[in-house]
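A.B. asks: Before I ask anything, here is the structure I am working with.
The values are calculated or read from the model by the stated rules, or taken from the named source; none is laboratory data. It should be emphasised that the depicted structure is a prediction, and the values quoted were computed from it without experimental measurement. Here the Cβ positions follow ideal geometry from the backbone for every residue, glycine too, while neighbour counts run over all protein chains shown. In case anyone asks, the SASA skips ligands and DNA or RNA and just uses the protein heavy atoms, side chains included. Shrake-Rupley method; radii C 1.70, N 1.55, O 1.52, S 1.80 Å.
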Amino acid sequence: MVAMIISSPMDPSLYSVRMRASSHGQHLTGAERIVPAAAASEVAAALTQRAMLCAGGPATEVHCSLEWIDPARLCNARLPDISTYQVDTWREGRQAASCLLVRAGVPVDVARQAVNALAEGAGPGGRVMRGAMIVDAATGERLESDPARGVRASRMDLSAELRPQLERTLAAAGLAHPRVLEALVLAGKVLQAPGMVAELCWSDDPAYSTGYVADPRSGYQRITALKPDGDWRGGRVFFVDTKMASLTALVDYLECQAVLFNAAGAISPPVKWIAADE
Ligand code: AMP
């Protein structure tokens, strides 16, 4: 149900608007925004409509929530830089992903193990997880308490000023696909988490095979193919340094800390991936 927020257009309050939809108990889609009070009802309606029109539907349950954000707890941040590596095949893409993870400080066996986990379906019975795996970057041990749900990064968005500006910049760079912007915002929040070493992601959408490796130094590094066309498996892995932060602090940051991005990073032109001996 969508609650109406009645507020003056001058009200500076921000609201977290979150939607998740399922079909007969199976997660279908989710999306979220952080918006001024005056836009909250409209955005909630738009997210609800998105759930109702979702490709894997019909949705049998849609939840939409609006939550006031305490300005004292809001964090403003800059988005990561964007680069793109072009690969000829998804196999080459997975090698590139392992290589970029190693450059970020993940041991090669841990990187390969994580790539294989996503390839095989990281949830119980080889299913796709609803959130991310959390992996100890030193040992490869999985740390998330619920291997079906994983951990979901939440409460992050672009400021109202940055959104239209960034949409134009991404479109001019040939990156207009909405998944790019959504993943960039998610990666931006994840990279600021305490103890975060790197993130690996490819979508579970069978029609979208581009994925990325992100790390705090190199930013959001797209890889043009990480799975065969038509593959429904995908997921996310957050690699963490357990000496830098407790699991409780990490999960609390990922799920609860509101982060609003008000500055963009640089965008580099795409380059062909050249495998190096690493
Ligand atoms: P997507 O890029 O939306 O296709 O998501 C790919 C995978 O990332 C999903 O199958 C989930 O396992 C995971 N995922 C999606 N959204 C989140 C999130 N907010 N936080 C953590 N993991 C997520």
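A.B. asks: Which one of these is crowded, with 17+ Cβ neighbours inside 10 Å, at pLDDT 95 or above and either more than 16 Å from the ligand (Cβ to nearest atom) or not assigned by TED's automatic domain parsing to the domain that holds Ala225 (or both): Val110, Val151?
C.D. replies: None of the other options fit; the residue is Val110.
A.B. asks: Can you tell me which of Met196, Met244 is closer than 15 Å to Pro80 by Cβ and free of Cβ contacts under 8 Å to residues at least 60 places away in the same chain?
C.D. replies: Met196
A.B. asks: Does any residue in the range 154-181 that is under 29 Å from Leu250 (Cβ atoms) and in the same structural domain as Ala132 (by TED's automatic domain parsing) come within less than 9 Å, Cβ to Cβ, of a residue that is surrounded by fewer than 18 Cβ atoms within 10 Å (Cβ to Cβ) and of a type in the set (Lys, Arg) six or more places away or on a different chain, and which pairs are these?
C.D. replies: These pairs meet every condition: Asp157/Arg163; Leu181/Arg163.
A.B. asks: Moving on. Does the range 174-193 hold any residues that are in a loop (DSSP other than H, G, I, E, B), open to solvent by less than 50 Å² (accessible area, probe 1.4 Å) and away from the ligand (no atom under 12 Å from the Cβ), and which are they?
C.D. replies: Once the filter is applied, which keeps residues that are in a loop (DSSP other than H, G, I, E, B), open to solvent by less than 50 Å² (accessible area, probe 1.4 Å) and away from the ligand (no atom under 12 Å from the Cβ), the range 174-193 yields only Leu175.
A.B. asks: Checking Leu260 against (1) farther than 21 Å from Thr29 by Cα; (2) at pLDDT 95 or above; (3) more than 17 Å from the chain's Cα centre (by Cα): exactly one of these is not met. Which one?
C.D. replies: Answer for Leu260: the failing condition is (3).
A.B. asks: A further question on this structure: Out of (1) open to solvent by 10 Å² or more (accessible area, probe 1.4 Å); (2) under 23 Å from Arg217 (Cα atoms); (3) within 16 Å of the ligand (Cβ to nearest atom), what's the single condition that is false for Ala97?
C.D. replies: Every condition holds for Ala97 apart from (1).
A.B. asks: Then there's this: Restricting to the range 232-262, name every residue that is surrounded by 17 or more Cβ atoms within 10 Å (Cβ to Cβ) and closer than 16 Å to Glu120 by Cα.
C.D. replies: Within the range 232-262, Arg233, Gly234, Gly235, Arg236, Val237 qualify.
A.B. asks: Next question, about the same structure. Step by step: first the residues of the range 194-208, then only those that are open to solvent by less than 40 Å² (accessible area, probe 1.4 Å) and more than 11 Å from the ligand (Cβ to nearest atom), then the one that is farthest from the chain's Cα centre (by Cα). Which residue is that?
C.D. replies: That would be Gly195.
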